[in-house]
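Have a look at the structure below, then the notes.
The values are calculated or read from the model by the stated rules, or taken from the named source; none is laboratory data. Everything numeric in this text was worked out from a predicted model, so none of it was measured. In this analysis, Cβ positions are derived from the backbone assuming ideal geometry, glycine residues included, and neighbour counts consider all displayed protein chains. These accessible areas exclude ligands, DNA and RNA; they are computed on the full protein's heavy atoms, side chains included. Shrake-Rupley method; radii C 1.70, N 1.55, O 1.52, S 1.80 Å.
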Protein chains: 2
Amino acid sequence: MKRKHMASITDALRQCGLKDGMTLSFHHHLRNGDHVVNMTMDAVAALGIKDITVACSSLFPVHEHLIGHIRSGVITGLDTDYMSGPLAKAVTDGILPRPVMFRSHGGRPRAIGQGSLKIDIAVVAAPAVDGMGNITGTEGPSACGSLGYVIPDTQHATKVIAITDHVVEGGLHRVSIPHDVVDHVVVVDSIGDPVGIVSGSISLTRDPVALAIARNAQAVIRASGLLRDGFCYQTGAGGASLAASIFLREDMRAMKLHGGFLLGGITKYMVEMLEEGLFDNIFDVQCFDLDSVRSIARNPRHVEISADTYANPGRKGNCVDYLDAVLLGATEIDLNFNVNVTTDSNGKIIGGSGGHNDAAAGANLTIIVAPLVRARLPIVVEKCTTLTTPGSTVDVLVTERGIAVNPARKELADRLCDAQLPVCGIEDLHGQAVRMTGKPRPHEHGDDIVGIVEYRDGNIVDHIYATK
Amino acid sequence: MKRKHMASITDALRQCGLKDGMTLSFHHHLRNGDHVVNMTMDAVAALGIKDITVACSSLFPVHEHLIGHIRSGVITGLDTDYMSGPLAKAVTDGILPRPVMFRSHGGRPRAIGQGSLKIDIAVVAAPAVDGMGNITGTEGPSACGSLGYVIPDTQHATKVIAITDHVVEGGLHRVSIPHDVVDHVVVVDSIGDPVGIVSGSISLTRDPVALAIARNAQAVIRASGLLRDGFCYQTGAGGASLAASIFLREDMRAMKLHGGFLLGGITKYMVEMLEEGLFDNIFDVQCFDLDSVRSIARNPRHVEISADTYANPGRKGNCVDYLDAVLLGATEIDLNFNVNVTTDSNGKIIGGSGGHNDAAAGANLTIIVAPLVRARLPIVVEKCTTLTTPGSTVDVLVTERGIAVNPARKELADRLCDAQLPVCGIEDLHGQAVRMTGKPRPHEHGDDIVGIVEYRDGNIVDHIYATK
């Protein structure tokens, strides 16, 4: 029997037949605490390999380290669902010879499954591995809970390397990724910094604007008629979104409702609702805090799901399609309800879809929560700088100063008006914002394309240009 | 969003584009209590469809019902790992226009993954399904525990239908198969007869021959030097195999050992060893009794695995490769240690590899347990009537009258002799057997091929001929 343990990342890469031009994939469950992308690319560079595409489900400030490898030609392409920090800035400045490919969390596994994103070597940041090469995210010093985003990579990549700092002598309690998809295991001192991996606790906002938005958002859900037994819900970890969960919980208790599933990046507020019996299940592609890591390790109703199950539109169903409501943020939202969370209004890359356009497309009720103005810039704009999520999939914008309903959703607008919510036209919100900030100067970009924005279904919907 | 629930199996088959010549796959977790294969093929017949290949991981006496569909041309091919009962007899008699393809439990998912067994429609006998189409084997009136053998089918088939008698209103506790691989869900009155699905309890044999074999088998394991911390073990549900587990448990307690995993079809004796802390994990492709169904539903160390993870030799590792020891039965074992569990000595189909040749190939120590004589026929023969498991993968034969070691395993023979076990040549056992039974008449078969035996790696290693 082939023993999988390799002495070093270098050995494992050699065994995988690493060569120039390959695509290496990574995942982002260790978020800004991730050591694995950087240390692997250091090993690639030391081997003298060039022209690598790094396909990582998200990239964070910690990945600033990759800039050196881009400069030296080791990395020539990036493929990601989200990027922020110095690496994103460098990419906007035009450092990469090829444009970065932006996908969504559902579009990425679709591209992997269909072969348009072909992975030569998938590298798993593995919080715990047993002697056979089974992997779990729920144990070890770098425990992060779900490993959902990397599961499709391990099923389709030619080779799979697990990098771990915790070898379980006995068997695993839970298996995230079975050993039969793993070629090699490498043990290193540390795969991540726990401080950057999960938040010890995410605390609720006291910002009155965020609280006002959260109250309005939950009022929209209540008025929509969708809040009934079986209600399925996703929200993010932003201030208004988290606060809205609290208001949702209060409503569900008062209405004696029993929901279906909670979805998405998971926080303790969702875990508490599961444990209280307000929902049947959590379907979890990523844990955001220690409470959710602990929950997925012991509660069988807290189910780890792959990115395929979460949001791949090429499958026979995905969890986002069953959402009754989702709360999502926006950097910009325009008069056609198109949303940008990929760049700022100056065209600088500051994020990406993640699951944004997936959840928006799937949910019955897609609510964008955003303040009217942020950093002296209007959030409601005439036209988005970059298109992340098409307006046709957005139902309502909730701000602290009013609620705008997509004109295509007349019935929803009527319900909100009947509930005496402060409904207005999105043009009114735009006007209010511009009166507060002044008309922003139009964004002027250079000619070089630094990013390609692929919608979840594989269509290219926008390009990102180098700063002028 | 597409609703998956269909009013009838007929509707679901139509939606899947059923047509002449297709391959429909099924699985055998409901064993001799299965209703799903028969009712599905009735629906296929009622639609006037012909020339179907039924690829079912195992077929039991209950599937006698299919004989009519073979006679009428609805079914023209079978692809299975094991078959017994009237259908097996009819196939031996030459009822099928095309030979049945015999595979192993690991060879089947290899063939599915590589595309040599192409499945048009996979039909899942689903003990419980939720509103989205997630499936679990652990709940409902026909709960059978693991659904491991059908997982590869659901990942590769063009279409997947789940047939269930238990729709869970709330969410599932455990998900065996996620909804994103399921096209349609059909609710029927009953998918199976619990009496035939799992044994309420499997009781230990009092047969002195079986107990003598079991004692010898455990003595071989003890003497082999493999019984140490981390020991991984598979055994079947036959009398000698189950009894050997009891002796293994006694040895492990006495030696204060802590094992790795238990594998295979699972019984309460394995569950008890897990719960006692003698092993870290159970890796389960199939539950054999109610105790194991209850265990897999609540114990996270009792892990459901797919047939890929269990034994697919085309993967990057499989559980059988990590076995220290396996106990397997035999209908015949010949002087080269080749084993037949596919036909009897008259060439009649009475079984098939199941996981036999997979576990034999993987384990460090493959022990065949068999009485010297069964039904007045010798078990040790000059040459197997049909080859299921090559002698090169068999280490030792344990009978009630002596232990024969494969000559290629000289070191093992020395260990057993040192332990003063009754080691002899396999020729001696053959001689003893023949002296008891008389020399059996050589099997004479007809010319028509009714079965093809594929080894787990895809090589054709034998043929089965119609009775003369």
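Structure above, values below:
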read-out	value
Those strands (runs of 3 or more DSSP E) lying entirely in the stretch A:154-240 with at least 2 residues modelled with pLDDT of 95 or more and not β-branched (Val, Ile, Thr)	A:159-164, A:233-235
Residue list for the stretch B:272-307, filter: assigned to a helix (DSSP H, G or I), surrounded by fewer than 24 Cβ atoms within 10 Å (Cβ to Cβ) and either of a type in the set (D, E, K, R) or in contact with an Asp or Glu (Cβ under 9 Å, 6 or more places away or on another chain) (or both)	B:Glu272, B:Leu274, B:Glu275, B:Asp291, B:Arg294, B:Ala297, B:Arg298
Residue list for the stretch B:87-111, filter: open to solvent by less than 10 Å² (accessible area, probe 1.4 Å) and under 17 Å from B:His156 (Cα atoms)	B:Gly106, B:Gly107, B:Arg108, B:Pro109, B:Ala111
Evaluation of B:Phe231 against (1) within 14 Å of chain A (Cβ to nearest Cβ); (2) closer than 26 Å to B:Gly137 by Cα; (3) in contact (Cβ under 8 Å) with a residue 24 or more places away in the chain; (4) not charged (D, E, K, R) (one fails), failing number	(2)
Tabulated pairs, the stretch B:372-384, first farther than 12 Å from B:Glu400 by Cα, second of a type in the set (A, V, I, L, M) and part of a strand (DSSP E or B), C-beta under 6 angstrom, 6+ apart or interchain	B:Val380/B:Ile333
Residues located in the stretch A:124-149, provided they are in a strand (DSSP E or B), closer than 19 Å to B:Arg315 by Cβ and away from chain B (no Cβ under 11 Å)	A:Val124, A:Ala126, A:Val129, A:Ile135
Residue check for A:Leu262: touching a helix residue (DSSP H, G or I) at 6+ places or on another chain (Cβ under 8 Å), among the hydrophobic types (A, V, I, L, M, F, W, C) and within 14 Å of chain B (Cβ to nearest Cβ)	yes
Enumeration of residues in the stretch B:318-350 that are buried (at least 24 other Cβ atoms within 10 Å of the Cβ) and facing chain A (nearest Cβ under 9 Å)	B:Asn318, B:Cys319
Pairs, first within 9 Å of chain B (Cβ to nearest Cβ) in the stretch A:279-305, second surrounded by fewer than 23 Cβ atoms within 10 Å (Cβ to Cβ) and basic (Lys, Arg), C-beta under 6 Å, six or more apart	A:Asn281/A:Arg301; A:Pro300/B:Arg174
Only listed residue being closer than 23 Å to A:Val381 by Cβ, in contact with a His (Cβ under 7 Å, 6 or more places away or on another chain), aliphatic (A, V, I, L, M) and surrounded by 14 or more Cβ atoms within 10 Å (Cβ to Cβ), chosen from A:Ile452, A:Ile426, A:Ile464	A:Ile452
Conditions (1) open to solvent by 40 Å² or more (accessible area, probe 1.4 Å); (2) among the charged types (D, E, K, R); (3) over 22 Å from A:Ala111 (Cβ atoms); number of the one not met by A:Lys4	(1)
Sole residue being at pLDDT 95 or above and in contact with an Asp or Glu (Cβ under 9 Å, 6 or more places away or on another chain), chosen from A:Leu13, A:Leu47, A:Leu30	A:Leu30
Complete set of residues in the stretch B:34-80 that are open to solvent by 10 Å² or more (accessible area, probe 1.4 Å), closer than 20 Å to B:Phe102 by Cα and in a loop (DSSP other than H, G, I, E, B)	B:Asp51, B:Phe60
Extreme residue, farthest from the other protein chains (Cβ to nearest Cβ), among residues of the stretch B:150-180 that are polar (S, T, N, Q) and crowded, with 22+ Cβ neighbours inside 10 Å	B:Thr164
Residues located in the stretch A:379-396, provided they are touching a Leu at 6+ places or on another chain (Cβ under 7 Å) and either not in a strand (DSSP E or B) or not β-branched (Val, Ile, Thr) (or both)	A:Ile379, A:Glu382, A:Asp395
